[in-house]
Structure formats: C-alpha cells, structure tokens
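**Student:** Got a structure for you, written out below as structure tokens; questions coming shortly.
The values are calculated or read from the model by the stated rules, or taken from the named source; none is laboratory data. Model, not experiment: these values are computed from the prediction. Backbone-built Cβ (ideal geometry, glycine too); neighbour counts: all protein chains shown.
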Amino acid sequence: MGFLLDLEEEHQVPEPSRVMRPCIFRERATLEGLTEDEVVRRYRLNRATISSLYELLEPSLQPLTRRSRAVPGMVKLLCSLHFLATGSFQRVGGVSQPSFSWCLGQVLDTIHSVSGNFISFPQNWNEWNAVKRQFYGVTGIPSVLGHILRNRQGYHSLNVQVVCDAHMNILSIVSGFPGSSHDAYILRQSTLYHSFETGQMPHGWLLGDAGYPCSRWLITPIHRPRTQAECAFNEAHVRARSVIERTFGVLKSRFRCLDKSEGSLMYSPSNVSNIVAACAVLQNLANRHGLPCDVADDLEDPIHPQDPVRGADARGNEVRGQIVNNYFSCKYLQSLIPYTRNTKQQKKKVYLQGTHFQKKWFEQVIPHLHTNRKNRKKDLQTT
C-alpha cells in the first residue's frame with residue numbers, strides 16, 4: 001500500500017504558476033501633434049470646426065464615469081469622423097471594434113438630435129430671396145426655392161431624397177426609405193410635401209426631374225419640347241440639376257463611407273440612414289466654414305433621363321407654361337439684348353433684371369436667337 005502511494009506522488013505534475021500580464025492600452029485618437037492639413041485629410045474638418053462641433057455634442061458624449069478607462073467624448077467623435085471620412089473601421093484610434101461600434105451609434109444619434117441646427121430651410125424672407133437670386137443666376141428661372149433629387153444606384157441601397165440650394169447647402173434630407181421606393185412616393189410621405197401643400201412655404205417652386213409629377217410648386221422638365229422656348233427652358237433645367245448632382249459628388253468625395261471604396265456599409269438600414277444624415281450635417285458644417293472639397297471624376301453621378309410620371313395636374317402645367325412664356329420666349333429674350341460697350345478692355349456682359357451673365361451663358365440659353373455666326377455677332381453689337 002505504501003508503495004502505491006509513492007508511485008502516485010511521483011506522477012503528480014505541479015500546477016504552473018499564473019503570470020500577471022500588464023494591460024496594454026493603445027494610444028487613443030487626438031488632435032495633438034497633427035498639422036492642419038493632416039487634420040483635414042484624416043477627419044475632413046479642420047481643427048476649429050471639430051472643436052465647435054464637439055462643444056455642441058459634448059454633453060451627450062462625455063462618459064458618466066471615469067472608471068475602466070471610459071472612452072472620452074472627443075475620442076468618440078474623432079473615431080466616428082475618421083470612419084465617415086474613410087469608410088474603414090479597422091484603423092480607429094485606440095478603440096476596439098466592439099467599443100467603436102457602440103461609440104459610432106452614440107455619435108450618430110447625437111448628431112441626428114442636433115441636425116435641425118444645420119439642415120433646414122431659410123428662416124426669413126431675406127434668406128429665401130437670396131436662394132432665389134442664386135438659382136436665377138444659374139438658370140434664369142425665377143422664384144426657385146431649391147432642387148430636389150434622390151439617388152439612383154444599381155445595387156440595393158437606401159433611397160435618399162435631398163433638396164439643396166445653388167451653393168450646394170443641403171436644405172432637406174429624407175434617408176429612411178429602401179432603394180425600391182419611387183421618387184413621388186417618398187415625396188408624398190415627407191414633411192416637405194405637406195409644407196408646400198398646406199401653404200407653409202413662401203411663393204416659389206422646387207425644380208425636380210421627370211421622376212416627379214409636375215405641380216404648382218414642383219416644376220419638372222418638358223417632355224418632348226416642341227418650341228425653341230421649351231428647349232431653352234429644358235437646358236436651364238439641366239444646369240439647375242447639375243448643382244445637386246455636384247452636391248452628391250462632393251458629399252461622397254468628402255465622406256468615403258458613402259462611395260463603397262471600403263465596401264458596403266454592413267449596418268442595419270436604420271444605422272445606414274443615420275450615417276447618411278450625419279454626413280449631410282457635416283457637409284453643411286464644412287460649407288459654413290468654407291472648407292473646399294474637389295469632386296472625383298468617378299464619384300460625380302451622371303444625369304440619367306427619367307421617364308415622365310403620370311399624375312401631373314393642370315395647375316402645374318399652367319405654371320410651367322407661364323415660366324416658359326414669360327422668361328424663355330423669343331419676344332422676352334429679345335428685349336434683353338446687351339447694353340454694354342464693345343471694347344477689348346471690358347468683358348461683354350448681359351444684364352438680366354439686375355443679375356449679369358457672361359455672353360457665353362447668354363448664347364447657350366437662347367440659341368434660337370443666333371441662327372448663324374454673322375447674325376450672332378450682329379446681335380451682340382453695342383447699341
């Protein structure tokens with residue numbers, strides 16, 4: 001018996017002692033040590049803009065405790081901005097991926113709660129008149145309050161409806177509908193539709209493509225124009241649409257999470273909707289601070305002609321006809337032929353109701369007034 005006990009004691013293996021490993025904390029994101037160009041390249045906003053944004057979001061982002069190395073509010077904001085700018089969640093500064101997912105949701109909800117401070121229609125008549133003058137300077141169409149468009153992609157996506165002004169500021173955004181939803185359906189479900197229908201908006205109209213029905217406050221292009229005035233109106237309409245097309249291009253160039261360069265957004269539809277809305281808020285914030293952004297050639301959406309929808313009311317066709325007759329007819333445009341000197345030192349300009357246009361623009365708007373090169377030069381002679 002004693003022999004067996006001795007054998008058992010010999011075969012017993014001692015338990016290894018536990019080694020205490022120190023916790024390694026990665027360095028978290030910060031603006032310190034970065035130049036201004038590096039800040040803009042990494043976060044798409046400059047240092048002053050990020051600071052002003054954080055002052056607005058700080059009460060909701062600051063952690064409630066200092067235990068367990070809680071993520072500070074500024075780190076949450078910087079990590080989220082870096083994700084929106086690059087579309088990658090693998091290179092977030094000093095935060096694990098599960099923690100980043102939680103921080104991103106918190107930042108998106110906080111930005112959404114203050115979106116009314118950045119995305120809204122003008123609040124007074126002076127601001128509305130400024131919007132009208134800006135669009136009139138681009139198109140020659142009077143009383144334009146904005147241009148409406150929704151994105152069209154060849155893959156499953158959310159359908160985003162945006163209204164912008166002539167300076168590419170986003171005035172309204174609806175991003176909660178699936179990609180299969182039609183333009184007109186999204187419009188009817190939005191508060192924008194009810195605001196115009198109930199008379200809450202000032203006198204004027206939106207410009208939209210043929211995917212929307214023409215109404216008294218939403219003017220669409222003329223399907224199969226027959227007269228030269230209608231062709232000139234459609235050309236002006238295309239110039240207005242190029243503004244909102246460029247708005248989408250700038251939005252995707254600045255925030256690469258929207259252009260699929262790092263893959264699709266693997267989030268729920270509600271989170272993707274919040275991501276799009278947050279990018280729109282940051283886009284307006286960048287415009288307020290005058291931050292430039294070039295549009296990549298592969299990101300500017302081409303203009304796809306849309307089949308006209310049924311349901312245009314008679315009042316809408318009447319309003320559109322009045323615009324064509326009053327502002328694009330040959331009789332009206334003949335009265336606007338130039339009033340400036342024909343000198344080599346001074347550029348020739350045409351004055352249209354207080355707004356000046358380059359001669360090149362004027363010739364594009366009214367090509368039917370210039371049948372040949374000889375007559376075109378004769379018409380533009382100084383009176």
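**Student:** Restricting to region 105-149, and then to whatever is aliphatic (A, V, I, L, M) and touching a Lys or Arg at 6+ places or on another chain (Cβ under 8 Å), can you tell me which residue is surrounded by the fewest Cβ atoms within 10 Å (Cβ to Cβ)?
**Tutor:** Val138
**Student:** Among the numbered conditions (1) free of Cβ contacts under 8 Å to residues at least 60 places away in the same chain; (2) β-branched (Val, Ile, Thr); (3) out of contact with any Ser or Thr (no Cβ under 9 Å at 6 or more places or on another chain), tell me where Thr191 comes up short.
**Tutor:** Of everything listed in (1) free of Cβ contacts under 8 Å to residues at least 60 places away in the same chain; (2) β-branched (Val, Ile, Thr); (3) out of contact with any Ser or Thr (no Cβ under 9 Å at 6 or more places or on another chain), Thr191 misses just condition (3).
**Student:** Of the residues that make up region 167-188, is at least one on the phi > 0 side of the Ramachandran plot and in contact (Cβ under 8 Å) with a residue 60 or more places away in the chain?
**Tutor:** Of all residues in region 167-188, those on the phi > 0 side of the Ramachandran plot come to 168.
Now drop any that are not in contact (Cβ under 8 Å) with a residue 60 or more places away in the chain, which leaves 168.
Checking region 167-188: at least one residue is on the phi > 0 side of the Ramachandran plot and in contact (Cβ under 8 Å) with a residue 60 or more places away in the chain.
**Student:** If you take just the strands (runs of 3 or more DSSP E) that sit entirely in region 150-266, which of them hold at least 1 residues that are outside the structural domain of Asn126 (by TED's automatic domain parsing) and among the aromatic types (Phe, Trp, Tyr)? Walk me through how you get there before you give the answer.
**Tutor:** Values: elements: 158-164, 170-178, 205-207.
Ranges flagged: none.
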